[in-house]
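Here's the structure, in structure tokens; my notes come after.
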Amino acid sequence: MTWAPSRQAALAQLSVFIPEMGEAYARTRSFDLGPGARASVSGLSPWLRSRLLAPEEVLEAAIGMHGFSGAQAFIQQVFWRAYFKGWLEHQPDVWERYQAGLAGALNQVAKDARLAARYMAACEGQTGIPCFDAWAGELVGTGYLHNHARMWFASLWIFTLKLPWELGADFFFRHLLDGDAAANTCSWRWVGGLHTQGKTYLARADNMPKFTRGRFADTPELSGEAPALTEPRLAAKRAPEMSEPRWSGQRYALLVTEEDGLAETLPLPHPPEVILVLSAPSERSPLGMGELARGFVTGAVHDCAARSGAKFGVPVIPLTDDTWAAQIADAASGHKLEAVVTARFPFGPTRSRVRKGWSTDGLMNVERIEIADPFDAAVWPHTKAGYFKLKEQIADICARGGFGLRAAAGPGPQV
Ligand SMILES: Cc1cc2nc3c(=O)[nH]c(=O)nc-3n(C[C@H](O)[C@H](O)[C@H](O)COP(=O)(O)OP(=O)(O)OC[C@H]3O[C@@H](n4cnc5c(N)ncnc54)[C@H](O)[C@@H]3O)c2cc1C
């Protein structure tokens with residue numbers, strides 16, 4: 001499977017996978033048959049992550065062909081992503097805590113040569129555990145890992161190699177094409193027993209041959225236990241701010257970032273004057289980003305910018321990495337802009353970067369209007385607690401028309 005950073009490529013893969021979203025997915029999705037054999041899963045995550053593909057159109061396609069109950073297993077997985085995103089919005093200190101934990105762990109690595117050697121061996125696929133080493137290479141070489149491999153890998157990282165979980169989450173985040181602050185951080189926490197407190201995921205050597213169809217039959221002794229990680233109590237949950245922006249007549253620019261590859265379909269009252277493109281991805285890690293992930297994210301932003309410019313017939317201004325805030329201030333004065341409109345930033349590096357830049361770089365007089373995605377707005381109220389609270393609502397959300405909310409998204413596949 002290959003991932004081109006365009007909506008066209010996303011729609012092509014969606015069309016290919018629609019027939020598999022029913023019973024076939026439920027039966028085979030847990031099998032990781034290796035990089036050359038990915039037919040059991042959709043591979044849609046990089047496009048969903050950059051929102052070159054909207055979750056509602058993927059769900060609509062699945063239900064359209066297989067019916068709600070026929071596509072249950074697939075629908076559940078799509079909602080897992082939405083769940084983690086909403087959950088993190090309710091619990092922002094988890095993101096801050098992860099970053100602090102990562103900084104602390106990298107500090108330890110700098111001071112402790114033995115830890116550094118074990119950490120490097122893990123990232124370079126030199127641990128001597130064949131499956132783990134293969135997955136480390138696959139991650140760096142392709143930017144993707146099957147979900148089951150991600151679970152095994154994280155479990156081995158934490159419980160067999162006994163490395164800090166934040167370093168593993170960072171390794172994933174740097175290299176995954178679909179690297180996502182919420183899905184990645186929460187999944188690592190889930191494996192380590194921090195998400196569902198006390199419940200961990202233990203990788204077992206005896207199920208690997210079955211679910212890899214014999215690829216990793218020679219897995220050596222792994223940790224037989226997975227004692228849950230612990231942490232200080234989290235702050236009380238708070239509802240994410242999702243208020244509807246009140247605006248109508250302002251002259252504005254549409255700002256396209258890696259958080260929304262369908263920015264041109266946001267509910268905008270009238271066309272923008274100009275499209276601003278923050279094309280360089282925000283660094284996901286103090287260690288930077290893998291080349292493949294960086295290339296995908298940058299390409300996805302450009303794809304959206306080109307569509308947006310063509311749709312509204314307005315100029316597209318690429319912003320450079322270090323002078324973007326000054327460029328926005330210049331564009332605001334040159335185009336007499338009163339506001340910059342963009343998709344609401346979820347927790348993650350783009351949000352930190354843009355909001356910080358706004359308060360410090362001469363943009364104080366340009367209103368920033370962040371528009372919440374309607375699908376997120378439908379899902380997030382049910383993501384305060386465990387996934388099962390959301391699961392109870394899925395049929396309702398689907399029936400109530402969580403779909404089609406960004407109907408202007410351009411041509412979807414015919415089903
Ligand atoms: C340790 C770990 C780290 C992860 N990091 C990320 C990440 O950074 N970004 C990310 O998008 N997913 C992450 N996942 C979730 C999951 O592994 C990927 O979404 C999935 O493997 C993507 O492949 P696919 O598109 O072929 O999935 P499919 O099986 O075809 O599923 C369809 C869609 O459902 C969603 N989905 C499927 N499984 C999950 C899941 N377990 N949790 C959340 N959403 C899911 C994805 O959007 C996916 O594209 C992580 C899982 C683990 C265990």
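The values are calculated or read from the model by the stated rules, or taken from the named source; none is laboratory data. All values derive from a computational prediction rather than experimental measurement. In this analysis, Cβ positions are derived from the backbone assuming ideal geometry, glycine residues included, and neighbour counts consider all displayed protein chains.
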remark   = Going through segment 1-39 in order, the residues found to be of a type in the set (Gly, Ala, Ser) and without any contact (Cβ under 8 Å) to a residue 24 or more places away in the chain are 12, 24, 36, 37, 39
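Quick grid of which residues meet (1) near the ligand (Cβ under 9 Å from one of its atoms); (2) over 22 Å from residue 228 (Cβ atoms):
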{"position": "125", "(1), (2)": "no, yes"}
{"position": "148", "(1), (2)": "yes, no"}
{"position": "166", "(1), (2)": "no, no"}
{"position": "176", "(1), (2)": "yes, yes"}
{"position": "194", "(1), (2)": "no, no"}
{"position": "203", "(1), (2)": "no, no"}
{"position": "207", "(1), (2)": "no, no"}
{"position": "211", "(1), (2)": "no, yes"}
{"position": "214", "(1), (2)": "no, yes"}
inquiry  = Tally up the residues in segment 3-40 that are away from the ligand (no atom under 13 Å from the Cβ), small (Gly, Ala, Ser) and at pLDDT 95 or above, please.
reply    = 5
key: Qualifying residue in segment 184-195 (condition: within 25 Å of the chain's Cα centre (by Cα) and within 30 Å of residue 315 (Cβ to Cβ))   = no
message = Taking the criterion of being over 21 Å from residue 367 (Cα atoms), surrounded by fewer than 23 Cβ atoms within 10 Å (Cβ to Cβ) and out of contact with any strand residue (DSSP E or B) (no Cβ under 6 Å at 6 or more places or on another chain), would at least one residue in segment 263-280 satisfy it?
response = yes
inquiry  = Going through 47, 87, 80 one at a time, which residue ends up being of a type in the set (Phe, Trp, Tyr), more than 20 Å from residue 398 (Cα to Cα) and either surrounded by fewer than 20 Cβ atoms within 10 Å (Cβ to Cβ) or at pLDDT 95 or above (or both)?
reply    = 47
Filter result (closer than 17 Å to residue 133 by Cβ and in contact (Cβ under 8 Å) with a residue 24 or more places away in the chain) within segment 163-209 = 163, 167, 168, 171, 172, 175, 203, 208
request  = Filter segment 89-123 down to residues that are among the polar types (S, T, N, Q) and without any contact (Cβ under 8 Å) to a residue 24 or more places away in the chain, then give me how many there are.
outcome  = 2
query = Residues of segment 41-64 being within 11 Å of the ligand (Cβ to nearest atom) and β-branched (Val, Ile, Thr), which ones?
reply = 41, 58
request  = Output the helices (runs of 4 or more DSSP H) that fall wholly within segment 59-149 and possess 2 or more residues being over 23 Å from the mean Cα position of the chain (by Cα), or say none.
outcome  = 93-111, 113-123, 130-142
query = What pairs come up if the first residue lies in segment 270-293 and is in contact (Cβ under 8 Å) with a residue 60 or more places away in the chain, the second is of a type in the set (Asp, Glu) and outside any loop (DSSP other than H, G, I, E, B), and their beta carbons are under 6 Å apart, counting only those six or more places apart or on different chains?
reply = 285/170
inquiry  = Quick check on segment 369-379. Is at least one of its residues more than 21 Å from the chain's Cα centre (by Cα) and surrounded by fewer than 20 Cβ atoms within 10 Å (Cβ to Cβ)?
reply    = yes
inquiry  = Pairs needed: first member in segment 124-144, without any contact (Cβ under 8 Å) to a residue 12 or more places away in the chain; second member anywhere, surrounded by 17 or more Cβ atoms within 10 Å (Cβ to Cβ) and among the polar types (S, T, N, Q); C-beta distance under 8 Å; at least 6 residues apart or different chains.
reply    = 133/127
request  = Could you list, in sequence order, all residues of segment 10-29 that are of a type in the set (A, V, I, L, M) and either touching a Cys at 6+ places or on another chain (Cβ under 8 Å) or not in a helix (DSSP H, G or I) (or both)?
outcome  = 21
key: Qualifying position, being in contact with an Asp or Glu (Cβ under 8 Å, 6 or more places away or on another chain) and assigned to a helix (DSSP H, G or I), among 308, 285   = 308
query = Out of (1) more than 13 Å from the ligand (Cβ to nearest atom); (2) over 26 Å from residue 36 (Cα atoms), what's the single condition that is false for residue 158?
reply = (1)
